[in-house]
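The block underneath contains the structure these notes are about, expressed in structure tokens.
The values are calculated or read from the model by the stated rules, or taken from the named source; none is laboratory data. These figures come from a predicted structure and were not determined experimentally. Backbone-built Cβ (ideal geometry, glycine too); neighbour counts: all protein chains shown.
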Amino acid sequence: MPARVAERDQISEKMAAPGFWGNPEEAQKTVALLKKAKAVIDPVESALRRAEDGEALLELLREDPDDSDIQEEVQSELALFGAEVERAEMLTLLGGPDDARDCFFNIQAGTGGADAQDWASMLMRMYLRYFERNGFSVEQLAMKEGEEAGIQSVNLAVRGAYAFGYLSCEVGVHRLVRISPFSAQGKRETSFAAVHVEPEVDDIQIEIDWDKEVREDTYRASGAGGQHVNKTSSAVRLTHLSSNTVVQCQNDRSQHKNRSAARKMLMARLYQMEQAKRDAGLAAVWGDKGQISWGNSIRSYFLYPEQRVKDARTAVTTADTQGVLDGEIQAFIDAQLRRRVARASR
């Protein structure tokens with residue numbers, strides 16, 4: 001903790017120096033570092049302040065134990081203190097070597113046709129709401145729209161404190177059960193979409209011979225993106241030949257920038273694959289994803305005939321389906337973090 005405080009103070013001094021914003025790109029990187037440091041420090045400092053306030057209220061209650069107003073305030077303060085401590089405690093579960101990193105976040109529609117593609121777009125909306133709630137910045141790198149509705153896939157760059165640590169808990173197949181809006185008979189349908197996450201690994205060297213090991217294809221970007229994006233071959237698709245790993249980026253007008261982003265994604269994917277080979281726990285996370293269909297879901301979202309969301313790994317269940325679809329998924333993530341740490345300690 002003292003090291004984090006010193007880091008925060010050092011960054012703050014750097015930001016206060018004249019000419020700090022002269023290089024906007026470097027300045028934004030420094031701001032991101034400050035946010036990550038504060039994400040660790042703020043919950044702890046908040047809990048400590050709450051404890052001091054609670055101690056002062058307890059002292060007042062000792063002086064006048066029959067004061068109902070003070071009693072109520074003490075109970076309220078204890079509840080808030082418990083929430084603050086729990087928030088700080090969750091950070092202790094994010095001790096993995098990559099947990100603090102930014103990440104690449106992918107959603108892929110699975111079995112279910114138009115329903116699955118619509119479900120993938122619903123998941124994207126859910127996660128965008130979650131990112132906004134947690135102060136994560138998001139950049140869309142590539143999107144393939146559905147043939148009838150929704151999306152077939154989307155690649156996002158998500159940046160913020162412990163982005164990979166939190167979002168790695170969402171890796172796997174997500175199952176939706178509802179009355180299909182695409183069925184004239186109003187039948188109940190089950191749809192699937194998969195989430196995959198890789199840490200951004202700028203500071204880790206992955207040995208790749210880009211000329212011999214990777215095939216590069218350029219093409220015109222599809223979907224929204226502006227006149228220039230759609231009329232020039234700015235989109236880049238990279239295929240790692242030996243592993244048949246494919247990544248693509250079409251977000252930017254510049255082919256050079258798309259190539260750079262695609263290379264980062266490919267290095268992240270290969271890094272994660274190598275980690276999975278060495279780490280049984282991470283291999284299990286990869287294995288949880290499996291085929292995007294029956295029997296592999298980590299979480300089920302029931303909208304008919306009942307309203308509930310249940311996580312198959314932790315058994316966390318809620319009837320607030322609308323809240324979940326609006327991005328209120330922290331309870332699922334926290335439960336999976338605890339489960340992951342418990343399994344690792346066995």
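Numbers below:
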item	result
Tally, over the stretch 315-329, of residues that are in a helix (DSSP H, G or I) and either touching a residue at least 40 places away in the same chain (Cβ under 8 Å) or not assigned by TED's automatic domain parsing to the domain that holds GLU170 (or both)	2
Pairs with Cβ under 6 Å, 6+ apart, first in the stretch 66-79 and in the same structural domain as ALA51 (by TED's automatic domain parsing), second in a helix (DSSP H, G or I) and among the small types (Gly, Ala, Ser)	GLU77/GLY54
Identity of the residue in the stretch 114-127, small (Gly, Ala, Ser) and in contact (Cβ under 8 Å) with a residue 40 or more places away in the chain, that ends up surrounded by the most Cβ atoms within 10 Å (Cβ to Cβ)	ALA120
Close pairs (7 angstrom Cβ cut-off, 6 or more residues apart or separate chains): surrounded by fewer than 24 Cβ atoms within 10 Å (Cβ to Cβ) and in a strand (DSSP E or B) in the stretch 244-266, among the polar types (S, T, N, Q) and modelled with pLDDT of 90 or more anywhere	VAL246/THR239
Close pairs (8 angstrom Cβ cut-off, 6 or more residues apart or separate chains): under 10 Å from PHE81 (Cβ atoms) in the stretch 48-64, surrounded by 12 or more Cβ atoms within 10 Å (Cβ to Cβ) and aromatic (Phe, Trp, Tyr) anywhere	ARG50/PHE81; ALA51/PHE81; GLY54/PHE81
Number of the exception - GLU148 against (1) in contact (Cβ under 8 Å) with a residue 40 or more places away in the chain; (2) in a loop (DSSP other than H, G, I, E, B)	(1)
Top-ranked residue of the stretch 153-169 - restricted to ones that are among the polar types (S, T, N, Q) and surrounded by 23 or more Cβ atoms within 10 Å (Cβ to Cβ), ranked as nearest to PRO97 (Cα to Cα)	SER168
Any hit, the stretch 65-73, residues being closer than 30 Å to ILE333 by Cα, in contact with a Leu (Cβ under 6 Å, 6 or more places away or on another chain) and not small (Gly, Ala, Ser)	no
In the stretch 107-145, the residues that are at pLDDT 95 or above, within 13 Å of the chain's Cα centre (by Cα) and in a helix (DSSP H, G or I)	LEU123, MET124, ARG125, MET126, TYR127, LEU128, ARG129, TYR130, PHE131, GLU132
Tabulated pairs, the stretch 81-104, first free of Cβ contacts under 8 Å to residues at least 40 places away in the same chain, second surrounded by fewer than 18 Cβ atoms within 10 Å (Cβ to Cβ), C-beta under 7 angstrom, 6+ apart or interchain	PHE81/ALA51; PHE81/GLY54
